[in-house]
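Working notes, structure below.
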Amino acid sequence: MRRRQSFVMVRGPVHGVVRAYRRGMARSPFAPSFWRSPLRGPWLTSVLGIVLLGGITLLFVTGLLSYAAYNPDLAPVNDKTPDKGILGFYLFSWPTDPHWLYRLDQGVHVTLGITLIPVLLAKLWSVVPKLFTLPPARSLAHALERISLLLLVGGALFEFVTGVLNVQLDYLFPGSFYPLHFYGAWVFFTAFVAHAVLKTPLALRNLRRLREPREEQSELVSPDPAEPTVSRRGALWFVGGGSLLLFLTTAGQNFDGVLRRTALLAPHGGAEPASGPGGFQINKTAAYAGIDPAETGEEAWRLVVTGRDGRTVRIGRAELLRLPLHSSALPIACVEGWSTSDQWWRGVRLRDLAALVGYEDDPPDLFVESLQRHGAFRRAALRANQVADPRSLLALFVNGEDLTPDHGHPARIIVPAAPGVL
């Protein structure tokens, strides 16, 4: 009796302690039972991973091309990442053909990046239990995998957040966007490649199953799943619908007219900023750039061209109008992803200006300085192939009218396939 009473008295409290302990552990993200969604599993994670494999690779390539378009190895004024070292190994002379090249590249980069946000968030959600797996490292290989996973998750969030903020012209992060996004991209993509090499074969094996498996064995599968409210395929449709919605409310900033008004999430969506020949998109007004109208008047403004052996020519706008004028149909495309259709520009060819100062047959690289007082791109350098292109102009007119102050009156550079800021 004494032993039985002892057994009964101890039995209750022990079970109570165990149940309380289990409930406490279940409230901790380090407990597998904390993650109860029945959607998590290898099949869902693999589908999302394969989509990101192609999408992020294209994002990285278009981002590198966009960086090359700024000609950062041409002159220090173009290079916003002077300490890049070997990371600039691929840089090349940016071409002028086709004239819509930068418009296509950056339009794809920004639109695709925003479209992939729901896929990225779903992927991170699907693997979040792995970030809390204990012990932190079971072996050296496992430790390296965990480190690459942290770099991958952190790098993805950093790149997408800074990219979206740049598109919205909201520079809330410390420092310049260009080095932050550039170096962040290399860190993120290095971790991404390492992760893809490790996981792509497994993802492909999971996708070879023609039907979604009813039972999966994986650390991603909850040991105590909740009742499902949607299937994994239904979740994919939900993610795809979110991506489609973002695409439809972003892509319009690459077009004019009605389509631009569909770009509800882009700062350059909606109606054109003005009417008339100069009523197409801009980033900054002349007033915002600190341009005093007195500086651009007929009496005050002069173009100064310095060339071979220090030869210098000073030309007013009236004298420019007496030189041979040519026309080019060229768009403006910016790093934020927005662009215009071809505008009809008219002015003096850059190569003709080079000829005035001794470069009749071999147009050189060109250094340009504007009236703008401040800003990263108030000065820029252009390559010789850009100067030599017959469509490259010092424009005086656009769409049959004088340039407006916001579009660079009394004269502005326009070059095929170059970022608009140049």
Query raised in the report: When the residues of the range 139-181 are filtered to those that are of a type in the set (Gly, Ala, Ser) and under 20 Å from residue 108 (Cα atoms), which remaining residue is surrounded by the most Cβ atoms within 10 Å (Cβ to Cβ)?
Result: 163
Report task. Read through the list (1) open to solvent by less than 50 Å² (accessible area, probe 1.4 Å); (2) not in a helix (DSSP H, G or I), then give the number of the only condition that residue 228 fails. Result -> (1)
Report task. Could you please tell me which pairs satisfy a Cβ distance under 6 Å, a separation of 6+ or placement on different chains, a first residue in the range 342-363 that is polar (S, T, N, Q), and a second residue that is surrounded by 18 or more Cβ atoms within 10 Å (Cβ to Cβ)? Result -> 343/398
**Report entry** Residue check for residue 85: at positive phi and free of Cβ contacts under 8 Å to residues at least 40 places away in the same chain
**Finding:** yes
Requested in this report: Could you tell me whether the range 307-319 includes any residue that is open to solvent by 50 Å² or more (accessible area, probe 1.4 Å) and either assigned by the TED database to the domain that holds residue 109 or touching a residue at least 60 places away in the same chain (Cβ under 8 Å) (or both)?
Outcome: no
Query raised in the report: When only residues in the range 409-422 that are part of a loop (DSSP other than H, G, I, E, B) and aliphatic (A, V, I, L, M) count, which is nearest to residue 69 (Cα to Cα)?
Result: 418
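Filter the range 270-284 down to the residues that are open to solvent by less than 20 Å² (accessible area, probe 1.4 Å) and within 21 Å of the chain's Cα centre (by Cα) and list them by number.
Scanning the range 270-284 gives a single hit, 281.
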Query raised in the report: Does the range 382-396 contain any residue that is assigned by the TED database to the domain that holds residue 304, over 28 Å from residue 73 (Cα atoms), in contact (Cβ under 8 Å) with a residue 40 or more places away in the chain and crowded, with 19+ Cβ neighbours inside 10 Å?
Result: yes
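Return the total of residues in the range 387-408 being over 22 Å from residue 356 (Cα atoms) and in a loop (DSSP other than H, G, I, E, B).
5
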Query - Selection status of residue 375, surrounded by fewer than 15 Cβ atoms within 10 Å (Cβ to Cβ), assigned to a loop (DSSP other than H, G, I, E, B) and in contact (Cβ under 8 Å) with a residue 12 or more places away in the chain - result: yes
**Report entry** residue 2 being more than 20 Å from the chain's Cα centre (by Cα), modelled with pLDDT under 95, open to solvent by 30 Å² or more (accessible area, probe 1.4 Å) and farther than 25 Å from residue 153 by Cα
**Finding:** yes
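The values are calculated or read from the model by the stated rules, or taken from the named source; none is laboratory data. No experiment lies behind these values; they were computed from the predicted model shown. Because the Cβ atoms are built from the backbone with ideal geometry, glycine has one as well, and the counts that use them run over all protein chains shown. Side chains are part of the model used for accessible areas, which takes the heavy atoms of the whole protein and leaves out ligands, DNA and RNA. Shrake-Rupley method; radii C 1.70, N 1.55, O 1.52, S 1.80 Å.
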